[in-house]
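Quick notes on the structure that follows.
The values are calculated or read from the model by the stated rules, or taken from the named source; none is laboratory data. Please read all numbers here as calculations on a predicted model, not as lab measurements. Glycine gets a Cβ as well: all are built from the backbone with ideal geometry, and neighbour counts include every protein chain shown. Remember, those area values only see protein heavy atoms, side chains included, never the ligands or the DNA or RNA. Shrake-Rupley method; radii C 1.70, N 1.55, O 1.52, S 1.80 Å.
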Amino acid sequence: MGAPTTPATTGTPPRPVPGVPPADRALTRPRRRLVAAAAALVALAAVGAGSLLDLRTPAPKSADAPADAFSAGRAYEDVKVIAARSHVAGSPANEQVRAHLEQQLRGLGLETEVQDTVAPEAGQLSGAAGGATLARVRNVVARMPGTDSTGRVFLVAHYDSVQTGPGGNDDAAGTSTILEVARALTTGPRPRNDIVFVLTDAEEACLCGAAAFAASHPLAADGGVVLNLEARGSTGPVIMFETSRNNAKLVDIFGRAAPHPVGTSFAVEIYRALPNDTDFTAFLDQKFVGLNSAYIDGGAIYHTPLDTPAAMDRGSLQQHGDNALGLAREFGGTDLTDLRSGHDATYFPVPGGLVRYPGWLTVPLALLAVALVAALGWLTRRSGRASTGRLAAGFALALVPIIAAPVAAQLLWLAITTIRPGYAELLDPYRPIWYRLAVLALAAAILFTWYALTRRRIGPAALAVGGLAWLAVLGVLLAVAVPGGAYLTTVPALAGALGGLVALRTRQTGPWPVVAVTAAAAVGVVILLPTVVLLFPALGMAMGGVAALVAVLLGLVALPVVDLLHPQAGGQRGLLALRARRLAVLPAGAAAVAAVVLAGVGLGVDRFDAAHPAPTHLMYALDAGTGQARWLSHESDPQPWTDGYVDGVTDVGDDFPGLGDGELRAGPAQSANLPAPKLEVVADATAGGERTLRLRLTPQRVARLATLHVDTSTATVLRADVAGRSVPVEPRAGKWGFGLVFHAPPAEGIEVVLTLRPIAGQVALRAMDASDGLDALPGFRPRPPAVGVVGSHSSEMLAVARTYPL
Ligand SMILES: [Zn+2]
């Protein structure tokens, strides 16, 4: 190895060009640089466009598509029936949906039944704030027997909706997809394996339907492969975002059999950080393996009245169906006896498919990236392009944009939400594209400004190596903490280091250095650009800083290409150099202006109106014992409409333990003449210091849920049985130290058996039920058109409670 004998494209002054007058010499190279820059940028733009086009949803197939194909047109007919109105678990509307599903599946000649049972929630969810949670559920289960079954393939979606909206996407998308997949499968030859279609109930309440199926349905006894289909928005690509553990074989089949395989091992890590849960949770830690898919863009309508069939992007539905049908056929024909691998795979989408490699390569690759970047640094120093001091400075300074861009993005969003406070209650704005572009422009402005300020002192080579070094270091950190996400920085760092090494070792006067750094940057674009695009809807604008961080990492990988836009270091003197330096500030200035303009356009375009209302949260709570009523809101900074109902902050834990803990906004309300749930003593026996109370809790109105709490200063709860099922007796904080929440209570009431150790003479119990809809309440004024409802499980809730001393 030796230092290159020819001058570098970057870092050293140009060689005098014979025959060219001195005044023109300095211009010779800048022109060539500009041509190289233009060519490189066009190439990167083409690669970027290819990556983004690959994320496009397929065109929806019309209702007259071939019978063995999935047709979004046909599936959409079911969407309209399922999501005609809100159909929360236990409601008459949900019964009608269930009847439709049964009829459709029976019509296909499938063995169809309803699993009608009471089940506890799956896992320990956030919904458990009120206490142990259960629901009465009715799952629709249909089976297509295989010809020579090696196991079962379960296609799972929930048919219930939230109380606040019809669930046009969530989850009429998954439910209608399963009906259409079932139809397509019945037209062809029977699969080898059993296919079981599971349309679950009470997912929104507590995942109780899926939990009931996984734990106690005979068809689930031997486990199998679960494909869960969801929607958390209205549009965008369907992302396979969650898998069971040791997923390498499953991911391999996904990459092979799904016609549009969009999925990344990083999504699992992101998903774990989010407060969402799906039915898939109920199948984890059991004898199941599987994949969980959803489309997630258009999150503004999630769980709101706007989640209607009309809001659905039928391209997303087509993608759900194409993938589900392809996977059902593949798993239907595969030997299912051994689908667990010894390891998880790392995987991510690239144009034309899904890259995957074994997870055990994560750490070696991360270390290799560090070694190659170190080698690049060493060669850079040896070739005289940067001193050790400059390399160290480059490494230190590269941290500046990595930190500044996400911070600036968060500050930008803070400023936007200050101007438009209604955004605080939205998962994402209705038209987020302008804000997303503003965040990207802001990240670019920070990167370009930083580069313009540091480039002359530190030199382009040292900064490029410094940026790659951070990617390599992040790769090691991710490999340890978030293995599925390590590829995001490891692979671009590897590519960048290899590109740099090639650039240093090839003839500097030829095109190869530029080709090498451009190819390396292209790898970064393929990996990081789709990540940026998918991160925005996944996390929402409130966490736009994460997308800004990834955007800056992409910029650091592309630094050698960005550098071509700048005059060659040391290449100019005097006035020309000054002019060139001024030109170098152009990209930074343009990006900064773009950020401001785009944010302004966002504010101008994404105004709240009747079709895009500002979400508000309101509920009503009546103490039937005292007659005192209150309006309550979860809004931390109440909207003007909500302000008309609430004034101060309150803690309702003592009066309405069924609403969970935490501070709420509250204001006085007129008392409505509504009955509290009845609590009857069916039997009461004391033996050996233990009192056993057999109770019946019966809502006196149509209620979505009922709760029962025990004041644990009056008695210690030793055991609790609800509808014949033992529930955990885990202490809650506060006065009501034991509680249970029952969703979709049957009309005849819920039987609760409590075994207590009395402390006081009487035990105090608090019973509450909750219905949905505030319209009939005294003092309620309907919302004006531009005011909407927050997509939350407590929006528009009407709770009535009273204490029973027994
Ligand atoms: Zn949902």
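State whether the residues of the range 545-558 include one that is modelled with pLDDT of 90 or more and part of a strand (DSSP E or B). So far as the range 545-558 goes, no, none of its residues is modelled with pLDDT of 90 or more and part of a strand (DSSP E or B).
Counting only strands (runs of 3 or more DSSP E) that sit wholly inside the range 614-659, not one has at least 2 residues that are of a type in the set (D, E, K, R). Of the residues making up the range 733-752, those that are under 34 Å from the mean Cα position of the chain (by Cα) and outside any loop (DSSP other than H, G, I, E, B) number 6. For beta carbons closer than 9 Å, sequence separation of 6+ or different chains, a first residue in the range 718-736 that is under 20 Å from residue 687 (Cα atoms) and a second that is open to solvent by 50 Å² or more (accessible area, probe 1.4 Å) and in a loop (DSSP other than H, G, I, E, B), the qualifying pairs are 718/729; 719/729; 720/728; 720/729. Looking at the range 623-639, which of its residues are in contact with a strand residue (DSSP E or B) (Cβ under 7 Å, 6 or more places away or on another chain) and within 14 Å of residue 668 (Cα to Cα)? Once the filter is applied, which keeps residues that are in contact with a strand residue (DSSP E or B) (Cβ under 7 Å, 6 or more places away or on another chain) and within 14 Å of residue 668 (Cα to Cα), the range 623-639 yields 623, 629, 630, 631, 632, 633.
Let's see how each residue does on (1) part of a loop (DSSP other than H, G, I, E, B); (2) in contact with an Asp or Glu (Cβ under 6 Å, 6 or more places away or on another chain); (3) open to solvent by 60 Å² or more (accessible area, probe 1.4 Å):
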| site | (1), (2), (3) |
| --- | --- |
| 674 | yes, no, no |
| 684 | no, no, yes |
| 713 | yes, no, yes |
| 719 | no, no, yes |
| 731 | yes, no, yes |
| 754 | no, no, no |
| 765 | no, no, no |
| 769 | no, no, no |
| 778 | yes, no, no |
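Go through the range 58-111 residue by residue and tally those that are more than 30 Å from residue 792 (Cα to Cα), small (Gly, Ala, Ser) and in contact with a helix residue (DSSP H, G or I) (Cβ under 6 Å, 6 or more places away or on another chain). Adding up the residues that qualify gives 3. Checked against the criterion of being over 30 Å from residue 274 (Cα atoms) and at pLDDT 95 or above, the candidates 485, 510, 499 yield just one match: 499. The single condition from (1) within 30 Å of residue 683 (Cβ to Cβ); (2) out of contact with any Asp or Glu (no Cβ under 9 Å at 6 or more places or on another chain); (3) among the basic types (Lys, Arg) that residue 802 fails is (2). Here 68, 78 are screened, and the one residue that is surrounded by 15 or more Cβ atoms within 10 Å (Cβ to Cβ), in contact (Cβ under 8 Å) with a residue 12 or more places away in the chain and over 20 Å from residue 705 (Cβ atoms) is 78. Evaluated against (1) touching a His at 6+ places or on another chain (Cβ under 7 Å); (2) within 20 Å of residue 163 (Cβ to Cβ), residue 115 falls short on exactly one condition, (2). The residue that is nearest to the chain's Cα centre (by Cα), counting only those in the range 272-290 that are within 13 Å of the ligand (Cβ to nearest atom) and surrounded by 24 or more Cβ atoms within 10 Å (Cβ to Cβ), is 278.
For (1) more than 27 Å from residue 548 (Cα to Cα); (2) open to solvent by 10 Å² or more (accessible area, probe 1.4 Å), each residue gets a yes or a no:
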| site | (1), (2) |
| --- | --- |
| 302 | no, yes |
| 315 | yes, no |
| 318 | yes, no |
| 364 | yes, yes |
| 392 | no, yes |
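Within the range 497-545, the residues that satisfy the criterion of being in contact (Cβ under 8 Å) with a residue 40 or more places away in the chain, of a type in the set (S, T, N, Q) and under 24 Å from residue 460 (Cα atoms) are 508, 509, 518.
Whether any residue in the range 125-138 is within 22 Å of residue 287 (Cβ to Cβ), in contact (Cβ under 8 Å) with a residue 12 or more places away in the chain, surrounded by fewer than 20 Cβ atoms within 10 Å (Cβ to Cβ) and among the hydrophobic types (A, V, I, L, M, F, W, C) is what I want to check.
Of all residues in the range 125-138, those within 22 Å of residue 287 (Cβ to Cβ) come to 125, 137.
Still in the list and also in contact (Cβ under 8 Å) with a residue 12 or more places away in the chain: 125, 137.
Still in the list and also surrounded by fewer than 20 Cβ atoms within 10 Å (Cβ to Cβ): 125.
When the remaining residues are screened for being among the hydrophobic types (A, V, I, L, M, F, W, C), the result is 125.
Checked the range 125-138: at least one residue is within 22 Å of residue 287 (Cβ to Cβ), in contact (Cβ under 8 Å) with a residue 12 or more places away in the chain, surrounded by fewer than 20 Cβ atoms within 10 Å (Cβ to Cβ) and among the hydrophobic types (A, V, I, L, M, F, W, C).
Inspection of the range 394-407 finds no residue satisfying the criterion of being surrounded by 21 or more Cβ atoms within 10 Å (Cβ to Cβ) and outside any helix (DSSP H, G or I). The residues of the range 194-253 that are of a type in the set (Ser, Thr, Tyr) and either under 14 Å from residue 331 (Cβ atoms) or open to solvent by 20 Å² or more (accessible area, probe 1.4 Å) (or both), listed by number, are 216, 235, 243, 244.
Taken over the range 755-775, the criterion of being in contact (Cβ under 8 Å) with a residue 60 or more places away in the chain and in contact with a Phe, Trp or Tyr (Cβ under 8 Å, 6 or more places away or on another chain) is satisfied by 765, 766, 767, 768, 774. Taken together, the criteria place residue 293 among residues that are open to solvent by less than 20 Å² (accessible area, probe 1.4 Å), in a strand (DSSP E or B) and not basic (Lys, Arg).
Closer than 30 Å to residue 785 by Cα and within 16 Å of the ligand (Cβ to nearest atom): which single residue out of 315, 298 fits that description?
Just a single option satisfies the conditions, and that option is 298.
Tell me which residues, restricted to the range 95-137, are in a loop (DSSP other than H, G, I, E, B), modelled with pLDDT under 95 and more than 26 Å from the chain's Cα centre (by Cα). Step through it out loud before you land on a result.
Here is the first cut: in the range 95-137, the ones in a loop (DSSP other than H, G, I, E, B) are 108-110, 121-125, 131.
Still in the list and also modelled with pLDDT under 95: 121-125, 131.
Within the range 95-137, just 131 meets the criteria.
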